Amino acid sequence: MTTTAISPLRTDFERSVANYWNTNRVDPVNLRLGEVDGLYHHHYGVGEPDWGVLDGPAETRDQRIVAELHRLENAQADLLIDHLGPIRPTDALLDGGSGRGGTSIMANARFGCRVDGVSISEYQVGFANEQAALRGVSDKVQFHFRNMLDSGIAAGSRQAIWTNETTMYVDLFDLYAEFARMLRFGGRYVCITGCANDVTGRRSKSVSRINEHYTCDIHPRSDYFKALAAHDLVPINVVDLTAATIPYWEMRARSEVATGIEEAFLTAYKEGSFHYLLIAADRV
């Protein structure tokens with residue numbers, strides 16, 4: 001299931017999203033950060049930075065900041081993996097919207113199990129498979145040009161599934177119907193996402209700016225819980241990571257890899273119109 005003769009891009013919106021990620025191949029953030037240790041992500045970071053990296057020799061300041069930002073994005077991935085529950089080497093996991101593959105590679109390193117990633121970006125799929133090959137884990141970590149709304153993966157075959165900042169590109173009810181189909185009874189779904197405050201988020205200029213920048217459609221917080229409940233996915237842990245991600249954005253705004261979107265994130269988080277959430281839910 002590496003690719004399919006029938007394109008997984010079913011709508012104009014999906015084609016525009018795929019085009020965005022296929023053409024943004026040299027984004028300064030994730031590539032520079034991934035060069036630190038070869039783990040390439042497509043998400044943000046959590047935790048308190050070591051602000052001491054701003055001090056010291058000017059000629060290595062940017063290098064120190066990039067390494068610290070990468071430490072924070074690895075910490076975010078580790079936090080997600082922590083919530084997947086007990087995973088055996090014989091289990092199979094799915095990374096929905098797998099980006100450049102860093103979280104999948106980290107999950108395999110921790111559990112020794114099979115991990116499949118799916119993405120509608122052919123570029124991301126190729127890049128991620130190259131990283132798996134470089135690390136010698138292609139037998140267990142594979143990435144596929146597939147749509148996570150219609151993955152082609154067998155029913156009941158996954159012990160855990162996660163999405164890491166990818167749910168804003170899909171209809172949540174369609175997504176969780178597909179995930180519930182693939183998960184075993186008692187299996188775990190974990191999501192980390194930005195979501196809008198139900199009261200103020202849709203009126204926030206900063207949230208609108210984020211949508212425009214990433215060609216996405218940020219969901220209200222309540223929609224996650226409605227869609228999960230509709231498909232027998234019961235939250236067992238909900239963690240508001242908003243306060244934990246703000247320092248990442250404050251440091252990124254002071255780095256050479258800043259893209260200009262940092263102000264919108266910081267404003268949205270601090271005004272309360274936008275939340276950064278982890279949800280862990282069991283299939284019942």
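Structure notes:
- Residue list for the stretch 66-78, filter: over 14 Å from Met251 (Cβ atoms) and open to solvent by less than 40 Å² (accessible area, probe 1.4 Å): Asn74, Ala77
- Selection of the stretch 81-94 for residues being open to solvent by less than 10 Å² (accessible area, probe 1.4 Å) and in a strand (DSSP E or B) yields Leu93, Leu94.
- Selected residue [surrounded by fewer than 20 Cβ atoms within 10 Å (Cβ to Cβ), among the acidic types (Asp, Glu) and in a loop (DSSP other than H, G, I, E, B)] from Glu48, Glu59: Glu48
- Some residue of the stretch 95-113 being touching a strand residue (DSSP E or B) at 6+ places or on another chain (Cβ under 6 Å), among the aliphatic types (A, V, I, L, M) and surrounded by fewer than 22 Cβ atoms within 10 Å (Cβ to Cβ): no
- Within the stretch 205-230, considering residues that are among the charged types (D, E, K, R) and farther than 14 Å from Leu277 by Cα, the one least open to solvent (accessible area, probe 1.4 Å): Asp217
- Scanning the stretch 10-33 for residues that are among the β-branched types (Val, Ile, Thr) and open to solvent by less than 40 Å² (accessible area, probe 1.4 Å) yields Val17, Val29.
- Options Val141, Val137; residue that is among the hydrophobic types (A, V, I, L, M, F, W, C), within 25 Å of Asp82 (Cβ to Cβ) and touching a strand residue (DSSP E or B) at 6+ places or on another chain (Cβ under 7 Å): Val141
- Test: Arg202 is open to solvent by 60 Å² or more (accessible area, probe 1.4 Å) and either in a loop (DSSP other than H, G, I, E, B) or touching a helix residue (DSSP H, G or I) at 6+ places or on another chain (Cβ under 7 Å) (or both): no
- Count of the stretch 256-269 residues which are touching a helix residue (DSSP H, G or I) at 6+ places or on another chain (Cβ under 7 Å) and either among the aliphatic types (A, V, I, L, M) or open to solvent by 20 Å² or more (accessible area, probe 1.4 Å) (or both): 9
- Among the residues of the stretch 206-245, those identified as assigned to a helix (DSSP H, G or I), within 17 Å of Ala264 (Cα to Cα) and free of Cβ contacts under 8 Å to residues at least 60 places away in the same chain are Ser208, Arg209, Asn211, Glu212, His213, Thr242, Ala243.
The values are calculated or read from the model by the stated rules, or taken from the named source; none is laboratory data. Being a predicted model, the structure only gives us computed values, none of them experimental. Glycine gets a Cβ as well: all are built from the backbone with ideal geometry, and neighbour counts include every protein chain shown. Note: areas computed on protein heavy atoms with side chains; ligands, DNA, RNA excluded. Shrake-Rupley method; radii C 1.70, N 1.55, O 1.52, S 1.80 Å.
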